[in-house]
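Below is one structure, written out as structure tokens, with a few remarks after it.
The values are calculated or read from the model by the stated rules, or taken from the named source; none is laboratory data. Since the structure is predicted, the reported quantities are computational estimates derived from the model, not experimental observations. Counting neighbours? That spans all protein chains shown, and the Cβs are built from the backbone with ideal geometry, glycine included.
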Amino acid sequence: MQAAPRMLLLLCIATLLSACGWHASRLSAPGARSVGVELFGIDVLKDRVPLRDLEPAVHAALSRSVSDMVDLPLVESDRADVVVEGRILQYRRRGGIRDKENSLLETGVRVQLEALLIERRTGAELARSSIALWSGHVVGGPEAERAARERALASLADRLVLELFAQASYEAPSVAGDLPAR
């Protein structure tokens, strides 16, 4: 393709993209200049055994998602304008697919998180989301479960950040004094 037709094609694509309102931008919260991520708490159901050190893994996944998707600097939560906080509602292993000899071939984990976006100064809840996700894996020892857990946490963190900041952006009060009580 020669240079002139290529430039014309690129110009047409750019015009179409700008005409349809498409744009690439990162998320934000109205009026906020920084964001923090709290270490999540954990709710342990009587019939479920907690996974050791799950809280730091959730914190790391959420911090990565906030850094990647939010257009605010990530700072310590006690200095942030808005804070993502929440709790781990469930971590559960499941049975799975078995062969003819009843040997386990595939299994998985279910993780459920609840998160809130809080305006730190007033304690007002700007957004809330709760998401659960199954992540399957072929039986292969503790590394297979760890990889499934990491996939689940990365996906959950991305979805929570998208939902929290979308809610905060679209449902933002018009006046700072009108923030809902927590």
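Being more than 25 Å from E163 (Cα to Cα) and in a loop (DSSP other than H, G, I, E, B) narrows it down to one of E106, E145, E101, so name that one.
Matching residue, one of E106, E145, E101: E101.
Cβ-Cβ under 8 Å, sequence separation 6+ or interchain: first residue in segment 89-104 and more than 30 Å from G41 (Cβ to Cβ) and touching a residue at least 24 places away in the same chain (Cβ under 8 Å), partner in a strand (DSSP E or B) and of a type outside the set (K, R). Which pairs?
L104/G95; L104/G96; L104/I97
Looking at (1) touching a strand residue (DSSP E or B) at 6+ places or on another chain (Cβ under 6 Å); (2) at pLDDT 90 or above; (3) among the charged types (D, E, K, R); (4) under 30 Å from G140 (Cα atoms), which one does R94 not meet, given that it meets all the others?
(2)
Please identify the pairs in which a residue from segment 59-85 that is free of Cβ contacts under 8 Å to residues at least 12 places away in the same chain has its Cβ atom under 9 Å from the Cβ atom of a residue that is part of a strand (DSSP E or B) and not basic (K, R), counting only partners at least 6 apart or on another chain.
S67/L74
From (1) closer than 25 Å to S34 by Cβ; (2) within 14 Å of the chain's Cα centre (by Cα); (3) modelled with pLDDT of 90 or more, pick out the condition that doesn't hold for I118.
Of the numbered conditions (1) closer than 25 Å to S34 by Cβ; (2) within 14 Å of the chain's Cα centre (by Cα); (3) modelled with pLDDT of 90 or more, the odd one out for I118 is (2).
Can you report the number of residues in segment 114-149 which are buried (at least 19 other Cβ atoms within 10 Å of the Cβ), over 25 Å from R92 (Cα atoms) and among the aliphatic types (A, V, I, L, M)?
Of the residues in segment 114-149, 4 are buried (at least 19 other Cβ atoms within 10 Å of the Cβ), over 25 Å from R92 (Cα atoms) and among the aliphatic types (A, V, I, L, M).
Look at A80 and say whether it is surrounded by 16 or more Cβ atoms within 10 Å (Cβ to Cβ), at pLDDT 90 or above, in a loop (DSSP other than H, G, I, E, B) and touching a Ser or Thr at 6+ places or on another chain (Cβ under 6 Å).
So A80 passes the test.
Exactly one condition in (1) closer than 14 Å to L156 by Cβ; (2) at pLDDT 90 or above is not met by E38; state its number.
Result: E38 fails condition (1) only.
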